[in-house]
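A.B. asks: Below: one structure in structure tokens.
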Amino acid sequence: MPSPSTAKWPRPKSEDEWEDMVLDAMRLVWKDPNAQRNGRRGQRQHGIDIFGIADGRQVGAQAKNMDRLSETAAKYEIEEAEYFQPKIQAFYFAVAGPRDAAFQQFVRLLSANRTSRAAFPVHVLFFDDICQELAKQPDLVAKYWSSFLVLSNFLDALSDILSGPVLELSEAADRIWQLDEFKAFGAYLESASD
């Protein structure tokens, strides 16, 4: 069975949820529990959705809940980030899509060019990278994927009690009804239907 760090988690649909996920992940990456979201929707953010401090340096991230970010859009966000105050010293893209080797190369080359001119470096993280960070904290896994954990726990318990000799239907049903995981799954289904 996959562990939380290797599981295939569903992507968020809303921008707000993605930004919250990125914020929690960046707090871990930057080792800054005080990192925060920058303003709110509709306010000028200068290309920075999330800001914090990493290794004593001002850092910022742009969360993009999309499969792919174009090079043109990336350059625009970087230009905007140049105006963020206080000046950042590293910039991160957090893209909700799958890893993209071409975009990673673009960011590496762009970052190398920028740092050769003493401008801030640019990094990119994708959905799997964000999930890998979040998976380090069970409370964050529960925060974003609790319904999947309830189902997973129930299925694990189910396979444990039903393995072995063939059971009569009534005995199998009794065992299932006694499972705490079955009760938790039932409670989840009930709350989800409300």
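A.B. asks: Cβ contacts < 8 Å: first residue under 17 Å from residue 127 (Cα atoms), restricted to region 57-82; second residue open to solvent by 30 Å² or more (accessible area, probe 1.4 Å) and of a type in the set (Phe, Trp, Tyr), any location; separation 6+ or different chain. Result?
C.D. replies: 61/51; 61/92; 62/92
A.B. asks: Looking at this structure, is residue 88 of a type in the set (A, V, I, L, M, F, W, C) and within 22 Å of residue 24 (Cβ to Cβ)?
C.D. replies: Taking the combined requirement at face value, the residue satisfies it.
A.B. asks: Here is a follow-up. Suppose we filter region 46-100 for residues that are open to solvent by less than 70 Å² (accessible area, probe 1.4 Å), outside any loop (DSSP other than H, G, I, E, B) and either within 25 Å of residue 128 (Cβ to Cβ) or β-branched (Val, Ile, Thr) (or both); how many remain?
C.D. replies: 21
A.B. asks: Related question: Just checking, does region 139-151 include any residue being modelled with pLDDT of 80 or more, over 17 Å from residue 12 (Cα atoms) and open to solvent by 30 Å² or more (accessible area, probe 1.4 Å)?
C.D. replies: yes
A.B. asks: Would you check which residues across region 1-21 are in contact with a Phe, Trp or Tyr (Cβ under 7 Å, 6 or more places away or on another chain) and either at pLDDT 80 or above or surrounded by fewer than 13 Cβ atoms within 10 Å (Cβ to Cβ) (or both) and list them?
C.D. replies: Matches in region 1-21: 21 only.
The values are calculated or read from the model by the stated rules, or taken from the named source; none is laboratory data. Source: prediction; values computed, not measured. Cβ: placed from backbone, ideal geometry, glycine included. Neighbour counts: every protein chain shown. Each accessible area value is taken on the protein alone, full model and side chains, heavy atoms only, with ligands, DNA and RNA left out. Shrake-Rupley method; radii C 1.70, N 1.55, O 1.52, S 1.80 Å.
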